[in-house]
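The values are calculated or read from the model by the stated rules, or taken from the named source; none is laboratory data. Since we're looking at a predicted model, the values are computed, not measured. We place every Cβ from the backbone using ideal geometry, glycine too, and count neighbours over all the protein chains shown.
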Amino acid sequence: MTYEEMLNAKGGYQSQAGKCPFGVIARLQTDSKYHDVLTIDAQWAAIPAFRQGLQADCMLGRKLNVKQQIRYEIVEADGKTQLELEAGSYQTLEQAIDANPSLVVQPGFVDGVISGLLAIMGQLHSKSAFHICFSPRNVFVRKGDNMPMLLLHGSSFTGMRNAIRLFEGQEDYIAPELKEDESITPTPQSDIYSLGKLITWIFSQTTIPFEYKSVITKATCEDPSKRFASSDQMEKRIASLRSTKQSFMVLIAALTIALITVWLYFELTPQTTEREFIEGAPKTEQPNPLEDGFDPELEMILEGDSSSSDTLTAEERLTIDDYMKKAEEIFRRRYTEKADGILSKVYNNESMNSSEKTFMATSSAMSEELINLQNQLAEESGIPDATANRIASEVVSKIIAEKQKTISSIEIK
């Protein structure tokens, strides 16, 4: 085995050729050196419009200032059209995961692939270029650092008749509007749809994490206008959901440890003092602060762009502030009512006396239910995620503190 072959083996990569929409990529030896070469399928190489698109794509790759682009040189050898790729060892994402399915659950792998593809997608869109098909056969992974890489971009070949034929067998990863009408120009939304389909494929053999579930749903909407407006917007939504998830998990973990400590204290410490527990006054239903009426004009101002907000009068700004305060009050009231019921499933005498394993499992389910409730009520109330996260944390802390007091008093009594 040569030194190069040993490196390939250690990297966990298959040495055989990999199929992609445009041809076959393989690692070849020339003058005692190995390099990756993509041999274009003869059916495409014989089409003049494809060859013109290949030249245009080669120039585009050189202009992209992003590390996720594989640059190449076009070479004619032995009657074949080949692309000599820049230094590195590459294989398709399909090859990488088929050879090592555990990559999907390795820390940072999926997040790195998605963030890397969003980065190069933004660069392409800034130059009015589009990848069109993010199928696992049209996305590459570099050996060593698992960097996601792109090679040829679909919009370079739109001069061909029926250019969608290039992606035969990969149509599921192409936006429906492009498949229905080939005269339609690709858009950022068509690329976002294709990336959403790729994320679905990556998690096809495992559970989809919380931060990707709603993102996939929005990205793959049949109606392009309901998808993310840009790759930057999609990336920010993933980051926001991931931050919310981490905040709740840290909070629940801390509260769970505190609760177990309190439970152990009362379980192991003999109680000699009797105390009378007096229940608080029953809660009264709070009035809806928005029942006085809905102001359509105010709603238009709130949903307007940033330029219109610069012309608001002091009175209009005060009105908007009051409106947001009422929205926060509504969110706090509704979240308090529903969160109390969710937390009661865990913070009760029966749950507290259960095994630690059962208690932790119930707490995990409760955490995800609270996160989903927060996102739903935040969207309905129209308040920012950061504000919703702050209010939800305050409410959960207060409710748990009250329930701990109740459980402690019952144990003492």
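Before we move on, is Lys403 modelled with pLDDT under 85, closer than 18 Å to Ile257 by Cα and part of a helix (DSSP H, G or I)? Criteria met by Lys403. Considering only the range 143-167, state which residues are closer than 11 Å to Gln68 by Cα and touching a Ser or Thr at 6+ places or on another chain (Cβ under 7 Å). Of everything in the range 143-167, nothing turns out to be closer than 11 Å to Gln68 by Cα and touching a Ser or Thr at 6+ places or on another chain (Cβ under 7 Å).
Taking the criterion of being in a strand (DSSP E or B), closer than 20 Å to Val37 by Cα and of a type in the set (D, E, K, R), would at least one residue in the range 87-106 satisfy it?
no
For residues in the range 384-397 being buried (at least 20 other Cβ atoms within 10 Å of the Cβ) and among the β-branched types (Val, Ile, Thr), which is nearest to the chain's Cα centre (by Cα)? My answer is Ile391. Here is the figure for the range 310-352: residues that are modelled with pLDDT under 85, charged (D, E, K, R) and farther than 19 Å from Met366 by Cβ total 6. A search for C-beta distances below 8 Å between a residue of the range 387-405 that is assigned by TED's automatic domain parsing to the domain that holds Thr336 and any residue that is of a type in the set (Asp, Glu), counting only pairs 6+ apart in sequence or on different chains, returns Thr387/Glu328; Ile391/Glu328; Ile399/Asp340.
Restricted to the range 175-269, the set of helices (runs of 4 or more DSSP H) holding at least 3 residues that are at pLDDT 85 or above and under 30 Å from Arg161 (Cα atoms) comprises 176-180, 188-202. Considering only the range 30-65, state which residues are among the hydrophobic types (A, V, I, L, M, F, W, C) and part of a loop (DSSP other than H, G, I, E, B). Selection gives Ala46, Ile47, Leu64. Does Ser367 fit the bill of being buried (at least 17 other Cβ atoms within 10 Å of the Cβ), at pLDDT below 85, assigned by TED's automatic domain parsing to the domain that holds Ile257 and not in a loop (DSSP other than H, G, I, E, B)? Criteria met by Ser367.
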